[in-house]
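The values are calculated or read from the model by the stated rules, or taken from the named source; none is laboratory data. On a predicted model such as this, the values are computed, not experimentally measured, just so you know. Cβ coordinates were reconstructed from backbone atoms using ideal geometry, including for glycine residues, and neighbour counts include every protein chain displayed.
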Amino acid sequence: MHIIYLVFKLSLLFTFTLSFHALNAQDLRVVTRLPEIINESSGIEITGENEIWSFNDSGGAAELYQCDTLGNLVSTVTISPGTNVDWEELTKDEEGNLYIGEFGNNANARTNLKIYKVSLPFNSPDIEPEVISFRYEDQTSFPPNELRFDCEAMIWYQGYIYLFTKHRNLPMATNLYKIPDQAGDYVAVKLGSFLTGEPMEDEQALFDYWVTAADISPDNKRLALLSSNKVWIFTEFDNDNFFEGNVEQINLGHSTQKEGICFRNNTELYITDEYWSSNDVGRNLYLLKLDNMVSTDIAEIQNRKKVVFFPNPFSNMLYVKDNLNIEKLYVTNNEGTVVKEISTTTNRIDLSPYQDGLYHLVYYINDKWETEKILKLE
């Protein structure tokens, strides 16, 4: 993670997300705190009832850590030769192989994307991996103009690895790619896209729509995608046409840097988040029981929306959607002083002359005043 990203993400978390209203409070239970060495869990997989594997995010050691559901560190395995430029995901196949996603690509400029494949059980603390190298079939520039080639999510399914990208531009979406699960050098074939959404009412941060992890249930009937405060569950899909099935969105009730997800069984999910020492937040192992959930259909969410301002945070230009009923619209600074009056017929708000910081959109609609927080960042 880039330092500037962490700075504004922490700022957003404690300025905005703690006041968010969860549309559906879920049974997201903390099971334990992970061992201290796993302070940036960015992928998770289980190999037994109480056997959990994880690793640290970019810049960590090239090591896998096994812990139990009490938070005890059980073993450490070094991947050698191997590097951890930006490990982002962990999955497994039916033969007892683990796949480590060495494909974090924040700047979208990497040309050395790879996946390490290692076989269980481990008979040594040092394991030599097989290497699956790949590139995206539709990326020709490094970096491209639009940042759509970062990746933090993958699954194994019927002999193939499936990659779910993390977009850094609107519209917020994830692209699905497919490569073989054998060592070699491949072109990742694009299969489709899923629109995760755009900033909605009471949901301000773009990172709430970034896909940070994925897993498929043991019976292959449920696909789960994770963000910092959501899980999308796909069902009723045919073969690997995951995005053509049904989808439900589960709001987890709070936003942390959640980057690991795996099915414990067909109806329960483990989730992990990274640790923020400044506020003693994260480094948790959570359990989410899908049978207890009250999910929200995405179409229902879209129908509930009033006015949408996006992206948020933004740099210079802020866009407005569904603004036909707005009668008055102002931008105020954090002290409440009006700094700009906006035409209610526009769908673009140019704030490039103003310094970075927290602002408020104050608008009159349906016979009442509404307020929306926005954050300007270069």
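Some notes on this structure:
- Residues of region 337-360 satisfying the condition of being within 14 Å of Glu372 (Cβ to Cβ) and part of a loop (DSSP other than H, G, I, E, B): Ile342, Leu351
- Of all residues in region 216-252, those satisfying the criterion of being in a loop (DSSP other than H, G, I, E, B) and either within 15 Å of the chain's Cα centre (by Cα) or loosely packed, with under 15 Cβ neighbours inside 10 Å (or both) are Pro218, Asp219, Asn220, Lys221, Ser227, Ser228, Asn229, Glu236, Asp238, Asn239, Asn241, Leu252.
- Subset of region 245-280 (residues that are among the acidic types (Asp, Glu) and without any contact (Cβ under 8 Å) to a residue 40 or more places away in the chain): Glu268, Asp280
- If the condition is being surrounded by 23 or more Cβ atoms within 10 Å (Cβ to Cβ) and in contact (Cβ under 8 Å) with a residue 60 or more places away in the chain, then region 46-59 contributes Ile52, Ser54.
- Identity of the residue in region 111-141, surrounded by 19 or more Cβ atoms within 10 Å (Cβ to Cβ) and touching a Gly at 6+ places or on another chain (Cβ under 8 Å), that ends up nearest to Arg168 (Cα to Cα): Ile115
- Test: residue in region 52-60 that is assigned to a loop (DSSP other than H, G, I, E, B), at positive phi and modelled with pLDDT under 95: yes
- Residues within region 150-170 that are at pLDDT below 95 and within 21 Å of Asn220 (Cα to Cα), tallied: 0
- Residue count, region 94-103 (criterion: surrounded by 18 or more Cβ atoms within 10 Å (Cβ to Cβ) and not in a strand (DSSP E or B)): 1
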